[in-house]
1. Which lysines have a Cα less than 23 Å from the Cα of B:Lys55, not counting those fewer than 8 places away in the same chain?
2. With the cut-off at 32 Å, report for the protein assembly as shown the share of all Cα pairs above it, as a whole percent.
3. Rg to Rh ratio, the stretch A:72-112, alpha-carbon atoms and Kirkwood radius?
4. Evaluate peptide A:49-55: per residue, the Cβ atoms of other protein chains within 10 Å of its Cβ; return the mean as an integer.
5. May I ask you to derive the relative contact order of chain B, considering only C-alpha pairs under 8 Å and at least 6 residues apart, and to give it as an integer percent?
6. Using R₀ = 35 Å, calculate the FRET efficiency as 1/(1 + (r/R₀)^6) where r is the Cβ-Cβ separation of A:Ser68 and B:Glu52; round to 0.05.
7. Which order results if B:Thr118, A:Thr107 are arranged by neighbouring Cβ count within 10 Å, fewest first?
8. Within 10 Å of each Cβ of A:37-48, how many other protein chain Cβ atoms are there on average?
Amino acid sequence: SQQGEEDPQALSIQEGENATMNCSYKTSINNLQWYRQNSGRGLVHLILIRSNEREKHSGRLRVTLDTSKKSSSLLITASRAADTASYFCATDATGANSKLTFGKGITLSVRP
Amino acid sequence: GAVVSQHPSWVICKSGTSVKIECRSLDFQATTMFWYRQFPKQSLMLMATSNEGSKATYEQGVEKDKFLINHASLTLSTLTVTSAHPEDSSFYICSARDPRRLATYEQYFGPGTRLTVT
C-alpha cells in the first residue's frame, strides 16, 4: 500500500523559479527519501532526511521534515529545464534494510 | 556510486509465454534486492524482496507462482513472469542497497524493463 501522498500531482513553472513539492505519510518512519525519475527510466536518489532531522540541504535541494504532521517538502531552487521529471517521496519504516514505500509522485515541468 | 543494471531494457512477448528479467549489481554484492512494478504515470509498487540464497518475500496480492524470483548469487536476481497476459504489461524496476553504504539507507535502482504482452 502507498504510504506517501505528494502534492501537487503536477507542477509547471518557469526556468529560474523555485519548485516546492510536498509529501504526507501515515505511519512512523526511520527516514524519508526523495527520488527523481526521468520518463521511462529508473529512479535516482536525491536526498534523505532522518526522522530526527528537520531540514537538510544538498546543492539546489532543500528538504524539510515535520514528524508531528507526518509531512515533508522538497524545494528545488533556481529550477532548470533539465529538472523536468517525476519526483517521488519514499518512506523507510525501520531503516534496517527495509523496503521503501513510495508516494504517487509529482510531475514537474520546467519551461525554458 | 553503486550501479544496478537490468536486462533487457524492453521486451515484447506473446500472451502465454514466459519472460525473464535480470537485475545485476555491477560493483557491489547485494544480499537483498527489491522488485517493483510501475504502471504509466503511477507510482512504484513493491512486488517482492529478493534474498540471496533463500526464498523471496512477496507483498500482499502478488502471485508468487506467476512472478518467480530467483536470487542465485550476490550480484544477480531474476524475475520471471510466467504465462504472461496483456495485463502484465508494465515497467518493472529492481533496486538494491550497497552493503558498504547501509548507513545512507539509499537504494540504487536499475533503469527498468518495459514489458509488453501482446
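Throughout, read-outs are computed from the coordinates displayed, never taken from laboratory work. Remember, it's a predicted structure, so these values are computed and weren't measured experimentally. FYI the Cβ positions are ideal-geometry reconstructions off the backbone, even for glycines, and counts take in every protein chain you see.
1. Reachable lysines: A:Lys99, B:Lys20, B:Lys64, B:Lys66.
2. Percent of Cα pairs beyond 32 Å in the protein assembly as shown: 19.
3. Numbers: Rg = 13.3 Å, Rh = 12.1 Å.
Rg divided by Rh gives 1.10.
4. On the way: counts 0, 1, 0, 0, 0, 0, 0.
Per-residue shielding by partner chains comes out at 0.
5. It comes to 36 percent, rounded to a whole number.
6. Working from the Cβ atoms, E equals 0.35.
7. Ranking B:Thr118, A:Thr107 by Cβ neighbours within 10 Å, fewest first, gives B:Thr118, A:Thr107.
8. Details: counts 6, 0, 1, 7, 7, 15, 11, 3, 8, 1, 1, 3.
That works out to 5 on average.
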